[in-house]
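Asks: Below you will find the structure I want to go over with you.
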Amino acid sequence: QVQLIESGGGLVQAGGSLRLSCTASGRTVSNYAMGWFRQAPGKERELVAIIDWRGGRTLYADSVKGRFTISRDNAKNTLYLQMDSLEPEDTAIYHCAARSGVGLYYYIQQYDNWGQGTQVTVSS
């Protein structure tokens, strides 16, 4: 079992930046696909960005494309999400997820390891 702990959330003004981190423990995630998902109040959890086990392939939701960057450091067992040009619509709890495999996995149901989440609030 993999334990995931997110950090880096907070309150920021529109146009600002935040960098989220997700540190894994329990086992190495170097052969795991990982991703960031978010859930806003009253809405369903949605994909933000996903990355394959090597970091060579990524995919972004249209709403964050060009503003967010997902990356990973397998030596540190850590996943990152650099968020720039933040908008109030980005306000949500951001969750890190992981699953074994060498592909890109688009659906929430495909992930079996989840973090508790970190709150991101963007003020207008």
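Just so you know, all these numbers are worked out from the coordinates, no wet-lab data involved. Computed from a predicted structure; not experimentally measured. Here the Cβ positions follow ideal geometry from the backbone for every residue, glycine too, while neighbour counts run over all protein chains shown.
Asks: Rounded to whole Hz and in sequence order, give me ³J(HN,Hα) for segment 57-64 from the Karplus expression 6.51 cos²θ - 1.76 cosθ + 1.60, θ = phi - 60°, writing x for Gly and Pro.
Replies: Result, ordered by residue: 10, 9, 8, 10, 5, 4, 5, 10 Hz.
Asks: With only alpha-carbon atoms counted, please give the Rg and Dmax of segment 53-124, in Å.
Replies: My reading of the Cα-based Rg and Dmax gives 13.1, 39 Å.
Asks: Of all GluC sites (Glu not before Pro) in segment 1-56, which ones are in loop regions per DSSP and have a Cβ with at most 16 other Cβ atoms within 10 Å? Write down the numbers at each step before the final one.
Replies: Working: sites: Glu6, Glu44, Glu46; in loops: Glu44.
Sites meeting the loop and neighbour criteria: Glu44.
Asks: Over all alpha-carbon pairs in the chain, figure out the percentage whose distance exceeds 21 Å.
Replies: On the way: 2322 of 7626 pairs.
Tail of the P(r) past 21 Å holds 30 percent of the pairs.
Asks: Identify the trypsin sites (Lys or Arg not before Pro) of segment 49-118 meeting these criteria: DSSP loop state and at most 12 other C-beta atoms within 10 Å of the C-beta. Mind dumping the intermediate values first?
Replies: Numbers: sites: Arg54, Arg57, Lys65, Arg67, Arg72, Lys76, Arg99; in loops: Arg54, Arg57, Lys65, Arg67.
Qualifying residues, ordered by number: Arg54, Lys65.
Asks: Another question about this same structure. Place the peptides 77-90, 110-123, 8-21 in order of packing, highest mean first, counting for every residue the other Cβ atoms within 10 Å and averaging per peptide. Kindly include the intermediate steps, with their values, before the conclusion.
Replies: Numbers: 77-90: 18.5, 110-123: 16.8, 8-21: 15.0.
Order by mean packing, descending: 77-90, 110-123, 8-21.
Asks: Continuing with this model, one more query. For segment 7-51, just list the percent of Cα-Cα distances falling in each 5 Å bin from zero outward, please.
Replies: Binned Cα distances yield the sequence 5, 14, 19, 25, 21, 9, 6, 1.
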